[in-house]
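Report on one structure; see the data block that follows.
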Amino acid sequence: PAPLELVAVTKRYGTTVAVDAVDLKIPAGTYCCLLGPSGCGKSSTLRMIAGHETISSGDLILGNANVTDLPPAQRGTAMMFQSYALFPHLSVLDNVAFALKMRGIEKSIRHEKAMRLLDLVAMVPYAARLPAQLSGGQQQRVALARALITEPQILLLDEPLSALDPFLRVRMRAELKRLQRELGISFIHVTHGQEEAMALADLVVVMNGGKIEQQGSPRAVFNAP
Ligand code: ADP
Ligand code: ADP
């Protein structure tokens with residue numbers, strides 16, 4: 001596990017400054033929740049960390065490496081996409097193994113790794129199914145396993161629970177926390193929910209107008225007893 005550091009990270013879209021010289025340190029193995037009003041720059045920040053969006057200026061340091069200009073697959077991060085991003089024509093197993101196939105990893109090895117991750121999210125019995133044959137919560141767990149297959153140091157999640165019904169949301173929340181603890185890596189989780197952040201986060205980061213307005217433990221940030 002490695003710490004992540006943002007140094008004066010800035011994102012401009014034309015004349016709009018979406019993320020404004022943000023400095024942030026996330027220690028290794030931290031569950032970080034990123035909050036703030038719509039348009040404050042949360043998604044842009046996450047996408048820059050993932051490498052899906054270029055950084056206009058500033059640096060991104062993961063462990064000892066400056067990963068600012070590395071392509072997504074080489075920086076040690078992974079993004080969990082919503083379950084609707086699963087390939088509908090691929091089995092659960094092939095969906096999870098997909099990134100390894102793209103990297104030219106041999107079939108027996110990628111299947112073994114994929115099964116290990118399916119085990120981690122309790123989805124081994126469903127390995128041969130297609131995504132459409134799964135419930136929403138099960139699809140979400142497959143999406144999680146798929147994101148983790150490349151063994152990232154940092155897992156990025158953009159409102160991962162928003163599509164779930166309230167009951168499932170609470171269960172998946174517990175599952176995310178357990179996984180993060182078990183793997184010992186950092187999760188950076190964008191959410192609108194204060195309650196969600198309260199239940200999950202070691203570190204709460206509140207953004208506003210492209211800047212960090214507040215950060216600290218959930219208790220400190222939310223003034224809880
Ligand atoms: P949040 O995730 O907090 O809602 P975003 O990072 O999506 O915030 O957006 C931050 C700001 O950047 C907003 O003003 C938004 O309109 C703008 N923005 C986001 N993506 C783009 C884009 N691709 N092109 C132009 N402006 C964008
Ligand atoms: P192989 O096809 O070499 O035996 P796997 O059993 O791991 O390997 O996965 C095969 C499945 O992956 C097939 O159904 C194939 O159509 C699908 N597949 C391969 N490449 C892609 C891709 N780029 N996009 C979507 N599906 C793909």
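Okay, here's what the table says:
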item	result
Among (1) in a helix (DSSP H, G or I); (2) in contact (Cβ under 8 Å) with a residue 40 or more places away in the chain, the one test that Gln138 misses	(2)
Criterion: surrounded by fewer than 22 Cβ atoms within 10 Å (Cβ to Cβ) and over 21 Å from Arg173 (Cα atoms) - qualifying residue of Ala127, Ala97	Ala127
Sole residue being of a type in the set (A, V, I, L, M) and closer than 17 Å to Ile188 by Cβ, chosen from Leu90, Leu86, Leu46, Leu100	Leu46
Residue satisfying all of: in the stretch 112-124; crowded, with 18+ Cβ neighbours inside 10 Å and without any contact (Cβ under 8 Å) to a residue 40 or more places away in the chain; farthest from Ala143 (Cα to Cα) among these	Lys113
Lone unmet requirement of (1) more than 14 Å from ligand 1 (Cβ to nearest atom); (2) of a type outside the set (Val, Ile, Thr); (3) open to solvent by 40 Å² or more (accessible area, probe 1.4 Å) for Arg47	(1)
Residue that is farthest from ligand 1 (Cβ to nearest atom), among those in the stretch 100-111 that are aliphatic (A, V, I, L, M) and either open to solvent by 90 Å² or more (accessible area, probe 1.4 Å) or within 22 Å of the chain's Cα centre (by Cα) (or both)	Leu100
Residue check for Phe87: within 16 Å of ligand 1 (Cβ to nearest atom), in contact (Cβ under 8 Å) with a residue 40 or more places away in the chain and open to solvent by 50 Å² or more (accessible area, probe 1.4 Å)	no
Check on Gln194, surrounded by fewer than 18 Cβ atoms within 10 Å (Cβ to Cβ) and touching a helix residue (DSSP H, G or I) at 6+ places or on another chain (Cβ under 6 Å)	no
Test: residue in the stretch 67-74 that is within 16 Å of ligand 1 (Cβ to nearest atom), open to solvent by 30 Å² or more (accessible area, probe 1.4 Å) and touching a residue at least 60 places away in the same chain (Cβ under 8 Å)	no
Number of the condition not met by Leu183 [criteria: (1) hydrophobic (A, V, I, L, M, F, W, C); (2) more than 30 Å from Ala65 (Cα to Cα); (3) open to solvent by 10 Å² or more (accessible area, probe 1.4 Å)]	(2)
Some residue of the stretch 23-44 being polar (S, T, N, Q) and touching a Phe, Trp or Tyr at 6+ places or on another chain (Cβ under 9 Å)	yes
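The values are calculated or read from the model by the stated rules, or taken from the named source; none is laboratory data. Remember, it's a predicted structure, so these values are computed and weren't measured experimentally. Using ideal geometry, Cβ is built from the backbone for each residue, glycine included, and neighbour counts are taken over all protein chains shown. Just so you know, the surface numbers come from the protein's heavy atoms only, side chains and all, with ligands and any DNA or RNA stripped out. Shrake-Rupley method; radii C 1.70, N 1.55, O 1.52, S 1.80 Å.
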